[in-house]
1. Could you give me the residue pairs with C-beta distances under 7 Å whose first residue belongs to the stretch 148-169 and is of a type in the set (Asp, Glu), whose second residue is surrounded by fewer than 21 Cβ atoms within 10 Å (Cβ to Cβ) wherever it lies, and which are 6+ apart or on separate chains?
2. Within the stretch 77-99, can one find any residue that is assigned to a loop (DSSP other than H, G, I, E, B), of a type in the set (Phe, Trp, Tyr), buried (at least 20 other Cβ atoms within 10 Å of the Cβ) and in contact with a Leu (Cβ under 6 Å, 6 or more places away or on another chain)?
3. Just give me the residues in the stretch 100-112 being in a loop (DSSP other than H, G, I, E, B) and of a type outside the set (Val, Ile, Thr), in sequence order.
4. Go through the stretch 70-96 and give me each residue that's in contact with a strand residue (DSSP E or B) (Cβ under 7 Å, 6 or more places away or on another chain) and more than 17 Å from Gly44 (Cβ to Cβ).
5. Whether any residue in the stretch 189-211 is among the hydroxyl-bearing types (Ser, Thr, Tyr), within 23 Å of Thr284 (Cβ to Cβ) and modelled with pLDDT of 95 or more is what I want to check.
6. Would you point out the residue of the stretch 126-167, among those that are touching a Phe, Trp or Tyr at 6+ places or on another chain (Cβ under 7 Å) and small (Gly, Ala, Ser), that is surrounded by the most Cβ atoms within 10 Å (Cβ to Cβ)?
7. Scan the stretch 62-76 for residues that are under 19 Å from the mean Cα position of the chain (by Cα), surrounded by 17 or more Cβ atoms within 10 Å (Cβ to Cβ) and not in a strand (DSSP E or B) and jot them down.
8. Return the pairs, sorted by first residue and then second, in which the second residue is small (Gly, Ala, Ser) and modelled with pLDDT under 95, the first residue lies in the stretch 49-62 and is on the phi > 0 side of the Ramachandran plot, the beta carbons are less than 9 Å apart, and the residues are 6+ apart or on different chains.
Amino acid sequence: MKKQVSVILCIISVGIIAGCGGGSDGGSGVIPTSNTISGKVADGYLSGAEVFLDKNGNYQWDSGEPKTTTDGNGAYNMTASAADAAMYPMVVHAIAGVTIDKDTNTAVTNSYVLCAPAGSTGFISPMSTLVWEKMHANPGMHLNDATTQLRNQMNLPAGFDMMSDYVAGSQSGVNATHHQEMHTIAQQMVDLIAGQSALVMPGGNVNANRYHDMMGIINANMSGIAANTEHHLDEHSTFMTTMMTSMHDHLGSISTSGSFINYSSTFRNMTSSRYFWNNTSGTTTPITPMGGGMM
């Protein structure tokens with residue numbers, strides 16, 4: 001299975017501390033020095049992945065954007081101005097044949113993109129990616145709304161930290177089982193994301209419209225993906241293979257040269273679990289996508 005403004009003198013946020021000394025973000029990363037961004041990248045931890053601040057929102061590294069590479073444990077450190085760190089999202093490129101997924105200790109076979117909102121970059125994962133896409137599509141959506149929605153989509157308990165390091169968290173602690181579930185869901189999300197590499201990253205360049213559309217389809221079907229893992233099914237289940245095929249056909253119909261497309265309708269700001277799950281006679285079943293069938 002394979003695997004986003006205020007600028008103030010002192011910024012303290014999840015995964016970023018600028019000019020205020022050291023601190024912790026409650027499990028999402030520790031920033032030890034001023035103007036330094038630190039964290040980890042995972043499906044499983046990703047070694048040799050490219051990490052950069054995406055100043056122009058094209059999901060590509062461009063000259064002038066701070067960039068670094070993850071180490072053998074999937075960790076990264078990057079120097080950037082406090083203003084940039086507070087304003088721009090972080091983007092990760094897992095590179096086919098180069099980036100090593102520590103879940104398997106082998107190189108990823110398809111390149112793919114992960115990201116995280118500005119200020120929440122301590123743990124960059126499929127979860128932070130979907131949180132950013134929700135916020136990007138709905139500028140009025142706050143981080144708390146986005147994480148609450150994702151938590152309900154995955155049927156996890158209230159208060160659970162959706163930006164936490166599920167790899168480390170799955171090893172021990174009271175939430176180990178939930179972190180293990182997050183890890184499995186993340187793996188299945190990456191199967192879908194990497195499986196569309198040829199369409200989303202033609203020639204190695206990210207097509208933003210196709211990327212947003214792909215993440216919108218995943219967002220609309222998150223409760224189904226969560227149910228797939230709860231039932232101990234993998235990426236070869238009927239639900240996942242049907243979704244992969246449907247996604248491939250839909251992405252292929254999107255022009256690579258068209259203007260920006262607004263995908264806010266697939267990232268609606270709905271935070272109540274009633275939008276994502278049916279509970280009948282003690283049986284919980286997913287509603288996929290938001291209010292309808294497979295996209």
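The values are calculated or read from the model by the stated rules, or taken from the named source; none is laboratory data. Computed from a prediction, not measured in an experiment: that's the story for all the values here. Methodologically, a virtual Cβ is constructed for each residue, glycine included, from the backbone with ideal geometry; neighbour enumeration extends over all protein chains shown.
1. Asp161/Gly26; Asp161/Gly27; Asp165/Gly27
2. Yes, the stretch 77-99 contains at least one residue that is assigned to a loop (DSSP other than H, G, I, E, B), of a type in the set (Phe, Trp, Tyr), buried (at least 20 other Cβ atoms within 10 Å of the Cβ) and in contact with a Leu (Cβ under 6 Å, 6 or more places away or on another chain).
3. Lys102, Asp103, Asn105, Asn110, Ser111
4. Selection gives Asn77, Met78, Thr79, Ala80, Ala82, Asp84, Ala85, Ala86, Tyr88, Pro89, Met90, Val91.
5. No, because not a single residue in the stretch 189-211 is among the hydroxyl-bearing types (Ser, Thr, Tyr), within 23 Å of Thr284 (Cβ to Cβ) and modelled with pLDDT of 95 or more.
6. Ser164
7. Those that are under 19 Å from the mean Cα position of the chain (by Cα), surrounded by 17 or more Cβ atoms within 10 Å (Cβ to Cβ) and not in a strand (DSSP E or B): Thr70, Gly74.
8. Gly57/Ala208; Tyr59/Ala208
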